[in-house]
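The values are calculated or read from the model by the stated rules, or taken from the named source; none is laboratory data. Computed from a prediction, not measured in an experiment: that's the story for all the values here. Here Cβ is always computed from backbone atoms with ideal geometry, including for glycine, and neighbour counts include all displayed protein chains. Quick note on the areas: whole protein, heavy atoms, side chains included, nothing else; ligands and nucleic acids left out. Shrake-Rupley method; radii C 1.70, N 1.55, O 1.52, S 1.80 Å.
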Amino acid sequence: AMANLRSFGGVENWTPTVNPTQDIGNSLEAVHTTNAGISVTTNYRFDWATLTSITAWRYWSFNPPQDSDGTPLDIYYNAADTHDSQWSEEIRLTSNSSGPFEWQAGIYLYNQDLFDHYIVHQFGADVIPLYNSLIHYGAITGTPVSTTLIPELTGAQVVENTHVQDQNQAVYGQGTWHITDKLSLTGGARFTHDKKNGGSPIDLSGLPAGVQSAALTAGATSTLSNYGVNGATSGYPLS
């Protein structure tokens, strides 16, 4: 089917080969990532206790565009633009006493924001020709898709925009009573409130109206994965 793709409107013919030492993709594949972080610890000593502040911030970005069909054909492309930032603050008060009773108490705050712009599918010029070619040669069953839709579908994207936020607050305290030189009793408590919310909607507005049919969206994605085209399925229905 792939070796006769031009007969069905494809860009070029290709006979599948296996070469584990060669990348045969036809589009950009690169990973760009950034990791950054900083933390500051401040201590102020009173006569009776020490006040400690620990402030921290972390940032991570990830952008891995890839030729997800793993062939020199123009079938599928996907990419992600991920940004994750988090900060935390802990304020703790600890006794300076060396007597029979020692204690500490504090509060903790944490916030994380994750944003992910994910191109689930960017359709190429060979998606429809490959689907129709596989039908023609009996590799799959289905209804051929009109080749007039090729220019409409080429470059169209299915996008998933994710935003997840995690917020955490806590208060805690602990005390130790040194009953004797060999026996101590420690007790403490912590209350934590954690809230996570977010969404990851699929945006189909980038697809031409004539393309949003079960024959193409369901057939093409399942077809390509069944015949070893890597990354062709996203786990989400496209119509």
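It is to be established whether one or more residues within segment 116-124 are in contact with a helix residue (DSSP H, G or I) (Cβ under 7 Å, 6 or more places away or on another chain) and either β-branched (Val, Ile, Thr) or farther than 30 Å from Arg58 by Cα (or both). Yes: one or more hits.
Candidates are the residues of segment 174-207 that are under 30 Å from His117 (Cβ atoms) and either of a type in the set (A, V, I, L, M, F, W, C) or part of a loop (DSSP other than H, G, I, E, B) (or both); the one that is least open to solvent (accessible area, probe 1.4 Å) is Leu207.
Tallying residues that are among the polar types (S, T, N, Q), open to solvent by 20 Å² or more (accessible area, probe 1.4 Å) and out of contact with any Asp or Glu (no Cβ under 7 Å at 6 or more places or on another chain) within segment 112-144 yields 3.
Within segment 92-105, the set of residues being in a strand (DSSP E or B) and open to solvent by 70 Å² or more (accessible area, probe 1.4 Å) comprises Phe101, Glu102, Trp103.
Those residues that are in a strand (DSSP E or B) and open to solvent by 20 Å² or more (accessible area, probe 1.4 Å), I need them from segment 62-83; list them, please. Once the filter is applied, which keeps residues that are in a strand (DSSP E or B) and open to solvent by 20 Å² or more (accessible area, probe 1.4 Å), segment 62-83 yields Phe62, Asn63, Gln66, Tyr77, Asp81, His83.
Within segment 1-17, the set of residues being closer than 14 Å to Val145 by Cβ and of a type in the set (Gly, Ala, Ser) comprises Gly9, Gly10. Once segment 1-55 is narrowed to residues that are within 20 Å of Tyr76 (Cα to Cα), aliphatic (A, V, I, L, M) and open to solvent by 80 Å² or more (accessible area, probe 1.4 Å), the residue that is nearest to the chain's Cα centre (by Cα) is Val31.
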